[in-house]
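Enquirer: Could you have a look at this structure, given as structure tokens, before my questions?
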Amino acid sequence: MTYTVALAQVNPACGDLEYNVEMHVTQTEQALDVGADLIVFPELSLTGYMLKDQTLDVMRPADCPEFARLRELSRHIAICAGFVEQGADGIPYNSAFFMDAGEVRHVHRKMYLPTHGMFEELRFFGRGGELSIFDTRFGRTGIVICRDLFHPLEVSTMAALGVELLLAPSAMPARGFGGEELAIEQTVGLALGSASTFLGMFVVYVNRVGFDDGLGFYGGSALSDPVGGITVSAPRFEAVQLLGTVDTSHIARRRYQLPIRREEDLAIVRRALEMRRNS
Amino acid sequence: MTVDALALNNALIEDYLKRFVQEELHTSGFTEACIALSGGLDSALVLKLAVDALGVGHVHAIFLPYKASSAESRWDARTMFEFCGTPWQELDITSMADAYIALQPGIDRLRTGNLLARLRMAVIFDQSKKENALVVGTSNKSELLVGYSTWYGDMACGLMPIGDLYKTQVRSLARHLGLPQQVIAKPPSADLWAGQTDEGEIGVSYETLDQVLFLLVDQRCSSAEVISEGFDADLVQQVERKVQSSQFKRVPPLIAKLSQRTVGIDFLYPRDWGK
């Protein structure tokens, strides 16, 4: 199976839900026009990142009326976008939804909320406690939001549990301007390479651009292919929408060539954790 | 001793800072920028970045000399105006400064320097209102960290495009952007009296200061670790004290918390909230 994914490297307006929904509709229609099957937006794409106390104002359940047009569009194209989820428990979560066939099929709550240095996510958001693994028409799919991608144990576990398509909406600020590329780009490159090369997954990494309160997000969205490496690479700093092709035969081919997943034995990890707990 | 980590990819930074000026200015609701030009390198670099980012017609630069300002400053400021294609604007602050100084017999050089910086602040903010512009500041990371700047004077602004660049990095970016050599090569000076230089005032060259600051601040080394790298012990301790004692300049004023939500403590919004 082959399908087309649109990487929407956008610049959301901080705290402006109405503007951002409109921008998502425009982007999604554009992707639909060129025949994309799936569009992926960055982390918190519907709200902006540096929300602080606006978090309370913009939190919504995924099935809220404001997102109705996106649900409608998802009858024709699957949509993954970031938002502040108002949980049934009333807690705001840094989440991403996956809409398809006119409905919300899955919501992932970011598990690892950076709260150090320039980051203060746990000050405003609740913490997600579950890996997102769900079946879609694209195969077994997983979502990691930004920092989640840097936790190899979770990403490896998702691969071991069958994930073939990993969606990675992100809001990674630019930093480390000393080299040919940004230091953060090198870090992301390692994570993408690891997930595709060792674990045989396609990764759709979509990072935002623009500035929120002095923090600049660098873009550099990418499609990482288990056989072809980085097959789509968006420019730094520019808002763009790019298309990539996923050929699912590459997953089996890579996993046959380097059968990490076939070798993987989570029982070893489980025994180690149990021994540790009992010692 | 040199710290290679201070080297930057200037092409990348140029692109990034121009976008920063453009987007953050627009997000703040402005299309125009106002910049006080001193004849020195920092304001020259900020002018160039702002003109490249916004277009020459959207940048209002003004030279604000005092009677003690050197002839070189005027010449260098004029060179930068010409280099960037901005129309020459000058407003002499001598009469307003001297009106106050005459009432303060015995006023010393430090107080005079602070007074001039704050008068320039008052003028540039008034000009910004006239032009419906945002004041773009010219402080660099070296001076912000050691506090070699006037609180609510030259530090007052809406954006600081080069506030995370050390002075030596400012020089490097200025060379990359092709700024006139006379502006890059001149000894940095607050130009408050004849022969004054930053390095004479701070007591160390920017090359050394920036390396010490980089190790202390960016690398989070202890002063003992910095000294073990071969830097003079007195210098390192002096720099560390300057950084600590100027912290008050880098934070908003303290507010006595009384209510459930207090400005600056738990009333938290981005700067451009609602824009």
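The values are calculated or read from the model by the stated rules, or taken from the named source; none is laboratory data. These figures come from a predicted structure and were not determined experimentally. In this analysis, Cβ positions are derived from the backbone assuming ideal geometry, glycine residues included, and neighbour counts consider all displayed protein chains. To get the accessible areas, we keep the full protein, side chains included, count just its heavy atoms, and leave off ligands, DNA and RNA. Shrake-Rupley method; radii C 1.70, N 1.55, O 1.52, S 1.80 Å.
Enquirer: Out of the residues in the stretch A:82-129 that are in a loop (DSSP other than H, G, I, E, B) and among the aliphatic types (A, V, I, L, M), which is most open to solvent (accessible area, probe 1.4 Å)?
Expert: By that ranking, first place goes to A:Ala88.
Enquirer: A:Glu238 fails exactly one of the following numbered conditions: (1) open to solvent by 30 Å² or more (accessible area, probe 1.4 Å); (2) over 19 Å from A:Glu181 (Cβ atoms); (3) among the charged types (D, E, K, R). What is the number of that condition?
Expert: So the condition that A:Glu238 fails would be (2).
Enquirer: Another question about this same structure. Among the residues of the stretch A:194-236, what is the count of those that are part of a loop (DSSP other than H, G, I, E, B) and within 30 Å of A:Asp16 (Cα to Cα)?
Expert: So the count comes out to 7.
Enquirer: From (1) of a type outside the set (Gly, Ala, Ser); (2) farther than 17 Å from B:Asp191 by Cβ; (3) assigned to a helix (DSSP H, G or I); (4) in contact with a Leu (Cβ under 7 Å, 6 or more places away or on another chain), pick out the condition that doesn't hold for B:Leu45.
Expert: The failed condition is (2).
Enquirer: Same structure again: Buried (at least 20 other Cβ atoms within 10 Å of the Cβ), in contact (Cβ under 8 Å) with a residue 12 or more places away in the chain and more than 28 Å from B:Asp210 (Cβ to Cβ): is that true of B:Ser128 in this structure?
Expert: Yes, satisfied.
Enquirer: Identify all residues within the stretch A:176-198 that are over 15 Å from A:Ser233 (Cα atoms) and within 11 Å of chain B (Cβ to nearest Cβ); write none if there are none.
Expert: A:Gly176, A:Phe177, A:Gly178, A:Gly179, A:Glu180, A:Ala183
Enquirer: Give the residues of the stretch A:130-167 that are open to solvent by less than 40 Å² (accessible area, probe 1.4 Å), without any contact (Cβ under 8 Å) to a residue 40 or more places away in the chain and among the charged types (D, E, K, R), sorted by residue number.
Expert: Listed by number, the list holds a single entry, A:Asp148.
Enquirer: Can you pull out the residues in the stretch B:53-85 that are open to solvent by 40 Å² or more (accessible area, probe 1.4 Å) and either of a type in the set (Val, Ile, Thr) or in contact with a strand residue (DSSP E or B) (Cβ under 6 Å, 6 or more places away or on another chain) (or both)?
Expert: If the condition is that a residue be open to solvent by 40 Å² or more (accessible area, probe 1.4 Å) and either of a type in the set (Val, Ile, Thr) or in contact with a strand residue (DSSP E or B) (Cβ under 6 Å, 6 or more places away or on another chain) (or both), then B:Val56, B:His58 are the ones that fit.
Enquirer: Please find, among B:Leu173, B:Leu254, the residue that is of a type outside the set (Asp, Glu) and open to solvent by less than 30 Å² (accessible area, probe 1.4 Å).
Expert: Values: B:Leu254 fails: open to solvent by less than 30 Å² (accessible area, probe 1.4 Å).
Among B:Leu173, B:Leu254, only B:Leu173 is of a type outside the set (Asp, Glu) and open to solvent by less than 30 Å² (accessible area, probe 1.4 Å).
Enquirer: Taking into account only those residues within the stretch B:24-38 that are assigned to a helix (DSSP H, G or I) and crowded, with 19+ Cβ neighbours inside 10 Å, which is farthest from the other protein chains (Cβ to nearest Cβ)?
Expert: Within the stretch B:24-38, the match that is farthest from the other protein chains (Cβ to nearest Cβ) is B:Leu25.
Enquirer: Here's another thing I want to ask about it. Restricting to the stretch A:14-25, what's the tally of residues that are within 12 Å of chain B (Cβ to nearest Cβ) and β-branched (Val, Ile, Thr)? Before the answer, list the steps.
Expert: Residues of the stretch A:14-25 that are within 12 Å of chain B (Cβ to nearest Cβ), as a first pass: A:14-16, A:19.
Narrowing the set further to residues that are β-branched (Val, Ile, Thr) leaves none.
Qualifying residue count for the region: 0.
Enquirer: May I ask you to verify whether B:Pro270 is in a loop (DSSP other than H, G, I, E, B), crowded, with 16+ Cβ neighbours inside 10 Å and not charged (D, E, K, R)?
Expert: It is true that B:Pro270 is in a loop (DSSP other than H, G, I, E, B), crowded, with 16+ Cβ neighbours inside 10 Å and not charged (D, E, K, R).
Enquirer: Here is a list: A:Thr4, A:Thr28. Which entry is assigned to a strand (DSSP E or B) and either away from chain B (no Cβ under 14 Å) or surrounded by fewer than 24 Cβ atoms within 10 Å (Cβ to Cβ) (or both)?
Expert: Going through A:Thr4, A:Thr28 in turn, just one is assigned to a strand (DSSP E or B) and either away from chain B (no Cβ under 14 Å) or surrounded by fewer than 24 Cβ atoms within 10 Å (Cβ to Cβ) (or both): A:Thr4.
Enquirer: Another question, if that's okay. Among the helices (runs of 4 or more DSSP H) lying completely within the stretch B:86-170, list those that include at least 1 residues that are more than 20 Å from the chain's Cα centre (by Cα).
Expert: Of the helices (runs of 4 or more DSSP H) lying wholly inside the stretch B:86-170, those with at least 1 residues that are more than 20 Å from the chain's Cα centre (by Cα) span B:94-101, B:109-131.
Enquirer: In the stretch A:36-54, which residue that is in contact with a strand residue (DSSP E or B) (Cβ under 6 Å, 6 or more places away or on another chain) and open to solvent by 10 Å² or more (accessible area, probe 1.4 Å) is farthest from the other protein chains (Cβ to nearest Cβ)?
Expert: A:Asp37
Enquirer: Working carefully through the options B:Leu41, B:Leu103, B:Leu17, find the one that is over 27 Å from A:Cys14 (Cα atoms) and either within 14 Å of chain A (Cβ to nearest Cβ) or free of Cβ contacts under 8 Å to residues at least 60 places away in the same chain (or both).
Expert: B:Leu103
Enquirer: Does at least one position in the stretch B:25-40 carry a residue that is at positive phi and in contact with a helix residue (DSSP H, G or I) (Cβ under 9 Å, 6 or more places away or on another chain)?
Expert: The answer is yes, given that some residue of the stretch B:25-40 is at positive phi and in contact with a helix residue (DSSP H, G or I) (Cβ under 9 Å, 6 or more places away or on another chain).
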